[in-house]
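The values are calculated or read from the model by the stated rules, or taken from the named source; none is laboratory data. Predicted model, so just to flag it, every value in this text is computed and none were measured. No Cβ is skipped: glycine too gets one built from the backbone with ideal geometry, and neighbour counts run over all protein chains shown. Heavy atoms of the whole protein, side chains included, go into the accessibility calculation; ligands, DNA and RNA do not. Shrake-Rupley method; radii C 1.70, N 1.55, O 1.52, S 1.80 Å.
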Amino acid sequence: MTDELGIRRGHALRAAVEQGLAGPAEPVVGLLDVTGIEQSAAALHAAFDTPGVAVTHTFAVKAASLVPVLALLGECGLGAEVASPGELALARAAGIPADRTVLDSPAKTVQELREALALGIAVNADNPQELERIDALRAAAGGTPSASPIGLRVNPQVGGGSIGAMSTATATSKFGVALRDDGATAWVLRAYAERPRLNRLHTHTGSQGVPLELMAAGVKAAYELAEQVNAAAGRQQITVLDIGGGLPVNFGSDETAPAFADYARVLRAEVPGLFDGRYGIVTEFGRSLLAKNGTVLARVEYAKSAGGRPIAVTHAGAQVATRTVFVPDAWPIRVLALDAKGREKSGEPVVQDVAGPCCFAGDLVAKGRALPLLESGDHVALLDTGAYYFSNHFAYNSLPRPAVHGYTVLPDGSVRFALVRAAQTEAEVVAESGGGLPPLRRTGA
Ligand SMILES: *Cc1c(COP(=O)(O)O)cnc(C)c1O
């Protein structure tokens, strides 16, 4: 399967260049492997599939906020984890049903909560104040109770992984109710006792850089808390455990490691009660479903040299690979050197920098990387960029959001592309930058 991913990608890169998807007018595009996405979804379903256990897999929309992708995942049986009104609108536009939609966010407004309850989507409250807001909205709704399952997000404070910014279960994380703080467990027990309809519990231990054992420890802490709540209630009050996402991705090779099956195995060993049929399970994976199925393809505009260092100036920089550029040690990515026809270049590796188009010196997607020497008219492929790279555009230099195409490789090696998102036009860039509004007037001061 690993080889097939690379083979499909190779076909797609050549075809994208040949068909002019990455041409002078649009010198950078995103490509998504439709078959790969289907296989990732199938692997996720297979890993958690357990007789007698209702499992709902939602996709963390922030990882690829593209309506046709959400719709494809919906066809594959997934739902959506949303964390803003915009993400909820995308999930709805993709036809994701309410009973497969979960709203998480640390800063939900009253209006967002009201809309969520009206739609009947699941809501995970982040903190006591939010629970009170939900209580008030429910009381105001009177006799027509919302269908929304309500959960509480807890931070098991099991510790961080290798990337601080991605670690949500540290002692002082901003997310959820910090379980190990004084009095927190007692408060949680009371919160559930006072709210017979509070029926879910949520935790998300982190994203990228968090080892499986630590993720499982977070889930275990949530499970044990649910057991306490249910024992205190004398019934199965908490019926669903939402275990979040966060499976790390290997950015070093085409191998999918760890796999969903590896994580499910660790969970079955560490938290067997999760799978014994008393709880439904919700998951919220993002990166691990999409990362390896996406590639950024960009043209090399110029190849130059400075201080003895060859530098390829490409059209893929901080605007698409924002984290990689700003935090390169935490987010290194593989770069393939491709020729003018999109074929992988051979030739002696030469240590060079691969730069982007942004006007600041640090705009490098790879620094001092040994690759076949890139020349003007060549291309580069940034690998494993299917998650977070297309959806978190950084509008530096008013660079447009690039087009994204899905691809399917037919048995004869030919490639069919389907547009997932059109490139942003200059007119759209002007419009979102206040174009059309009157100029600020001089005050005459
Ligand atoms: C970001 C996020 C996810 C997805 O994380 P991945 O690392 O992309 O799997 C899931 N749940 C919540 C609450 C998140 O914030």
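Of the solvent-accessible surface of region 54-134, computed with a 1.4 Å probe and all protein chains present, 53% belongs to carbon and sulfur. Expressed to the nearest 5 percent, the antiparallel share of DSSP beta bridges inside the chain is 50 percent. Placing dummy labels 7 Å off each Cα toward the beta-carbon, the span from Val110 to Glu26 is 4.4 nm. Against the chain, whose longest principal axis is taken from its Cα atoms, helix 110-119 shows a tilt of about 80°. Summarise the long-distance tail of P(r) for region 20-132 by giving the % of C-alpha pairs beyond 21 Å. Distances greater than 21 Å cover 46 percent of the Cα pairs. Its Cα gyration tensor gives the chain an equivalent ellipsoid, and the semi-axes of that ellipsoid, as √(5λ) in whole Å with the largest first, are 41, 25, 21. A 1.4 Å probe over all protein chains sorts Phe394, Phe48 by accessible area into Phe394, Phe48, starting with the largest.
Residues of region 329-348 with an amide N closer than 16 Å to a point placed 7 Å from the Cα of Leu373 along the Cα-to-Cβ direction: 337-340, 345-348. Beta bridges per DSSP, both residues in region 97-285: antiparallel share near 5 percent.
Quick one: angle between helix 184-194 and the longest Cα principal axis of the chain, in degrees between 0 and 90, rounded to 10, please. Roughly 60 degrees, rounded to the nearest 10. In the context of the full set of protein chains, the chain has a per residue accessible area of 43 Å² (1.4 Å probe).
Here region 98-127 and region 18-38 have alpha carbon centers that stand 35 Å from each other. Taken as Cα centroids, region 49-75 and region 144-170 sit 19 Å apart, rounded to the nearest whole angstrom. For region 97-285, relative contact order (Cα pairs under 8 Å, six or more residues apart, normalised by length) works out to 17 percent. Against the longest alpha carbon principal axis of the chain, how many degrees, from 0 to 90 and to the nearest 10, is the axis of helix 212-233 turned? In the chain, helix 212-233 runs at an angle near 20 degrees to the longest axis. The modelled label-to-label distance for the pair Arg442/Ala422, using points 7 Å beyond Cα in the direction of Cβ, is 4.0 nm.
Taking all Cα pairs closer than 8 Å and separated by 6 or more residues, the relative contact order of the chain comes to 19 percent. Only protein heavy atoms count here; under a 1.4 Å probe, Lys367 has an accessible surface of about 150 Å².
On the beta carbon distance between Thr172 and Ala395, with R0 = 35 Å, the FRET formula returns roughly 0.65.
Note on Glu132 and Glu344: the extension gain reaches 70.6 nm, defined as 0.36 nm multiplied by sequence separation minus the Cα-Cα distance. Sorting Val380, Val327 by solvent-accessible area of protein heavy atoms yields Val327, Val380, largest first, with a 1.4 Å probe.
By the compact-protein rule of thumb, 2.2 N^0.38 Å, the alpha-carbon radius of gyration of region 97-285 corresponds to a ratio of 1.02. Quick one: check the C-alpha center-to-center distance for region 222-262 versus region 334-411, whole angstrom. Measuring centre to centre over Cα atoms gives 35 Å.
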